[in-house]
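The values are calculated or read from the model by the stated rules, or taken from the named source; none is laboratory data. A quick note: this is a predicted structure, and the numbers were derived from the prediction, not measured. A quick note on method: Cβ atoms are made from the backbone with ideal geometry, for glycine too, and the neighbour counts reach across all protein chains shown.
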Amino acid sequence: MAGDLPDYYFRIRENGAAVFRVDTANRQRRIEMDQIAVVNVKRDEIRPHGDSPLSDADLAAIRSWLTDRKALLAQRDIDDIHRAVDHLNLTAQWAQSRATDDQLDEVTDALLLAMHDLRAVLVRKRADRLSRG
């Protein structure tokens, strides 16, 4: 099992991760994890934890994780948008075929405002893209 463990463990947090160095080379053959850094994905920030500086290998591993994490989050963002399109279609079908008058009264204003806001943003963004060429 110890041979299969990575050298670093990234505990995901809301804006990044806490980075731990994994150590299995000790007398007790226990897994020890020493926190070495905190990473902020949105600000591309790597802060050492404690007084020890990060080695070049530490920084390389963290930067690699940061690049991979950003790609994964971007992929999830677009996947969420595709799901939202599906939900809009399912919502239209529900409103047309199964919704009661009370259910429609409950959600109509919120849906109309959200769709109006989304439409305005999309139209403005498309106009910006077209005007740039």
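A few notes on this one:
- Any hit, the stretch 43-50, residues being exposed (fewer than 12 other Cβ atoms within 10 Å of the Cβ) and more than 25 Å from the chain's Cα centre (by Cα): yes
- Annotation note: of Asn26, Asn15, the sole residue that is closer than 23 Å to Asp4 by Cα and of a type outside the set (Lys, Arg) is Asn26.
- Out of Leu90, Leu130, Leu59, sole residue that is loosely packed, with under 10 Cβ neighbours inside 10 Å and either within 26 Å of the chain's Cα centre (by Cα) or modelled with pLDDT of 95 or more (or both): Leu130
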